[in-house]
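Peer 1: Before I ask anything, let me first share the structure, which is written out below as structure tokens.
Values quoted throughout were computed directly from the atomic coordinates according to the rules given, and no laboratory measurement underlies them. Bear in mind the structure is a predicted one, so any value in this text is a computation, not a measurement. When we count neighbours, we look across all protein chains shown, and the Cβ atoms used for this are built from the backbone with ideal geometry, even at glycine.
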Amino acid sequence: MIEPVYVASESRYDCGMKYRRAGKSGVLLPEISLGLWHNFGDVDTLAVSKEKIHYAFDHGITHIDLANNYGPSYGSAEETFGQIMKKSLAPYRDELFISTKAGHDMWPGPYGEWGSRKYLMASLNQSLRRMNLDYVDIFYTHRFDPVTPLEETLQALVDIVRQGKALYVGISKYPAEAAAFAYRYLKDRDVPCLLYQGRYNMLHREPESEGILQQAAENGSGFIAFSPLAQGLLTDRYLCGIPDDSRIARGGHLKRDELTEDVLKKVGLLNNVARRRGQTLAEMALAWLLKDSRVTSVIVGASSVQQLADNLKALQNTTFSAEELREIDEIIS
Ligand SMILES: NC(=O)c1ccc[n+]([C@@H]2O[C@H](COP(=O)([O-])OP(=O)(O)OC[C@H]3O[C@@H](n4cnc5c(N)ncnc54)[C@H](OP(=O)(O)O)[C@@H]3O)[C@@H](O)[C@H]2O)c1
């Protein structure tokens, strides 16, 4: 059967998406971005992956977040995206902001992980091939490498930009001290850090408590939050048990032992607050992050179009009364 040609919705920039500037850069990113860590690998259905990416783009999500090892299997999310890029999104390349990363375990041997120039350069070349792209919009060092000299990792990022293989660079999960060094090093070479990517959600507030959010803002970098729904814990997904098709049941990165009595109690109470606000818990969890102007965007994962549609509704109400904030603080502290 010949597949119909994809034509993006004409209303994609008129359906409620808002865009925020990444730090002091010229780049605007959608408040909600789509991440392909889970649900886009070769264990998933290409048709469903395609439907979600089309839906996202049709609703103003211009930023897609990837990494070399997303799948499973490693590399397969980039391959899935590459197929969709080739078949339907190629005409829209200049409307898309695509990221990839390297840092975690990717291939065997001494050059397949961490932060050496050897690994980062080779990995990006592989990612570009898998994704059918000439360049990515942002390339990240995916995690801090305590052994490789930080200068080596950061200079590789600078050279990647000079080679035209990435337009911008970013850092992910760097401790504050290493991040401070990175901001300075990159700025001195006229390749400022566009984004710090860190885990941030109602159950994990380290970017606030460790000063990472404020540090990014002070250095002119944007902050983009990953796992904003705590991998699904901050939704109604687990309120009545563990569904068979959920990330926990499917053996993803969310483990059964993270669903503790304490977490379930907090989630139940948060769900009540969300209902009172006329939102689902997922919507409220995203809105709670977006109330902070230092947060450039939140990267959501979604196993269905329905989830994505629900998450987009978060943008309809991102303001909280002082009382709501106090109540939420009490629940999650
Ligand atoms: N830099 C890093 O080291 C790093 C690390 C992790 C993630 N990331 C990035 O961040 C992205 C998002 O991470 P994440 O997938 O953990 O994000 P998340 O948004 O916290 O969790 C996504 C999961 O939550 C559930 N969900 C989403 N929307 C829902 C809704 N409306 N109602 C009910 N359940 C809903 C789904 O779980 P089910 O599958 O159970 O349906 C979905 O797979 C990744 O794809 C990746 O791009 C980066």
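Peer 1: Tell me the GluC sites (Glu not before Pro) within the stretch 1-54 that lie in a loop according to DSSP and have at most 15 other beta-carbon atoms within 10 Å.
Peer 2: Filter output for the stretch 1-54: GLU10.
Peer 1: Another one. Rounded if a/c is under 1.5, else prolate if a/b beats b/c, else oblate: with a ≥ b ≥ c from the C-alpha gyration tensor eigenvalues square-rooted, which is the stretch 96-213?
Peer 2: Taking the square roots of the gyration eigenvalues as a ≥ b ≥ c, the stretch 96-213 is rounded.
Peer 1: Also, quick follow-up: Going by how many other Cβ atoms sit within 10 Å of their own, how do SER76, SER33, SER333 line up, fewest first?
Peer 2: Ordered from fewest to most neighbouring Cβ atoms within 10 Å, SER76, SER33, SER333 come out as SER333, SER76, SER33.
Peer 1: Highest GNM mean-square fluctuation, the chain, Cα pairs closer than 10 Å: which of ASN68, ASN39, ASN132?
Peer 2: In this elastic network of the chain, the residue with the biggest mean-square fluctuation among ASN68, ASN39, ASN132 is ASN132.
Peer 1: Assuming R0 = 45 Å, can you tell me the calculated FRET efficiency for the pair HIS253 and ASP159, based on Cβ-Cβ distance, to the nearest 0.05?
Peer 2: Computed FRET efficiency for HIS253 and ASP159 comes out at 0.90.
Peer 1: Magnitude of the Cβ-charge dipole of the chain, K/R +1 and D/E -1, about the Cα centre, nearest 20 debye?
Peer 2: Charge dipole of the chain: 340 debye, to the nearest 20.
Peer 1: Further question: Counting Lys +1, Arg +1, Asp -1, Glu -1, what net charge surrounds GLN155 among other residues with beta carbon under 12 Å of its beta carbon?
Peer 2: Overall, the nearby charge balance is -1.
Peer 1: Counting C-alpha atoms alone, how compact is the stretch 64-146: give Rg to one decimal and Dmax as a whole number, in angstrom.
Peer 2: 12.5, 41
Peer 1: Let me ask another. Grab the other residues whose beta carbon is less than 11 angstrom from that of PHE144, score K and R as +1, D and E as -1, and report the net.
Peer 2: Computed value for this residue: 0.
Peer 1: For TRP114, TRP37, which order do you get if you count the other beta carbons within 10 Å of each Cβ and list the fewest first?
Peer 2: Neighbour counts put them in this order, fewest first: TRP37, TRP114.
Peer 1: Going by how many other beta carbons lie within 10 Å of each one, how would you line up TYR55, TYR196, TYR183, fewest first?
Peer 2: Going from least to most buried by this count: TYR55, TYR183, TYR196.
Peer 1: Starting at the first residue of the stretch 184-191, write each ³J(HN,Hα) from the Karplus equation 6.51 cos²θ - 1.76 cosθ + 1.60 with θ = phi - 60°, in whole Hz, x for Gly and Pro.
Peer 2: In residue order, the calculated couplings are 5, 4, 5, 5, 5, 9, 6, 10 Hz.
Peer 1: If you don't mind, another one. Once phi is turned into ³J(HN,Hα) by the Karplus curve 6.51 cos²θ - 1.76 cosθ + 1.60 with θ = phi - 60°, what whole-Hz value does each residue of the stretch 196-208 show in order, with x for glycine and proline?
Peer 2: My calculation for the stretch 196-208 gives 9, 9, x, 6, 8, 7, 4, 9, 9, 10, 4, x, 6 Hz in order.
Peer 1: Could you give P(r) for the chain, binned at 20 Å from zero, as whole percent values over all Cα-Cα pairs?
Peer 2: Distribution as computed: 32, 60, 8 percent.
Peer 1: Specify whether the C-alpha gyration tensor of the stretch 1-122 places it in the rounded, prolate or oblate class, a ≥ b ≥ c being the square roots of the eigenvalues: rounded for a/c under 1.5, otherwise prolate if a/b is larger than b/c and oblate if not.
Peer 2: Here the stretch 1-122 falls in the oblate category.
Peer 1: Here's another thing I want to ask about it. Taking amide hydrogens as modeled 1.01 Å from N in the peptide plane, which residues meet the under 5 Å criterion relative to ARG20, leaving out close sequence neighbours?
Peer 2: LEU29, GLU31
Peer 1: Lys and Arg at +1, Asp and Glu at -1: add these up for the other residues within a Cβ distance under 9 Å of GLU31 and post the number.
Peer 2: +2
Peer 1: Gain in length, LEU264 to TRP107, computed as 0.36 nm per residue apart minus the alpha-carbon separation, to one decimal in nm?
Peer 2: That pair, LEU264 and TRP107, stretches by 52.8 nm at full extension.
Peer 1: What residues qualify as long-range amide H neighbours of GLY75, i.e. H under 5 Å apart, gap of 5 or more or another chain, H built at 1.01 Å from N?
Peer 2: Excluding prolines and chain starts, which carry no amide H, the hits are ASN69, TYR70.
Peer 1: Quick check: Cα centre of the stretch 154-172 to Cα centre of the stretch 1-50, how many Å?
Peer 2: 23
Peer 1: Something else about it: For the stretch 190-280, which trypsin sites (Lys or Arg not before Pro) pass both filters: DSSP loop (anything but H, G, I, E, B) and at most 13 other C-beta atoms within 10 Å?
Peer 2: LYS255
Peer 1: Evaluate E = 1/(1 + (r/R0)^6) for GLN306 and ARG21, where r is the Cβ-Cβ distance and R0 equals 41 Å; express this FRET efficiency to the nearest 0.05.
Peer 2: Between GLN306 and ARG21 the formula returns 0.85.
Peer 1: In sequence order, what are the phi-derived ³J(HN,Hα) couplings for the stretch 251-265 according to the Karplus relation 6.51 cos²θ - 1.76 cosθ + 1.60 with θ = phi - 60°, rounded to whole Hz, with x for glycine and proline?
Peer 2: For the stretch 251-265, the Karplus curve yields x, x, 6, 8, 9, 3, 6, 7, 8, 7, 4, 4, 4, 4, 5 Hz.
Peer 1: Given Cβ point charges of +1 (Lys, Arg) and -1 (Asp, Glu) and nothing else, what value in debye, to the nearest 20, does the dipole of the stretch 59-126 about its Cα centre take?
Peer 2: Once rounded to the nearest 20, the dipole reads 180 debye.
Peer 1: What shape does the stretch 94-138 have by the C-alpha gyration tensor, where a ≥ b ≥ c are the square roots of the eigenvalues, rounded means a/c under 1.5, and otherwise prolate means a/b greater than b/c and oblate the rest?
Peer 2: Prolate.
Peer 1: Can you give the extra length, in nm with one decimal, that the chain gains between GLU10 and ILE242 once fully stretched, where that is 0.36 nm per residue apart less the Cα-Cα distance?
Peer 2: Contour length minus Cα-Cα distance gives 79.6 nm.
Peer 1: Under a 5 Å amide H to amide H cut-off, with H placed in plane at 1.01 Å, what residues pair with VAL169 once short-range neighbours are removed?
Peer 2: For VAL169, whose amide H was placed from the backbone, the distant partners under 5 Å are PHE139, LEU194.
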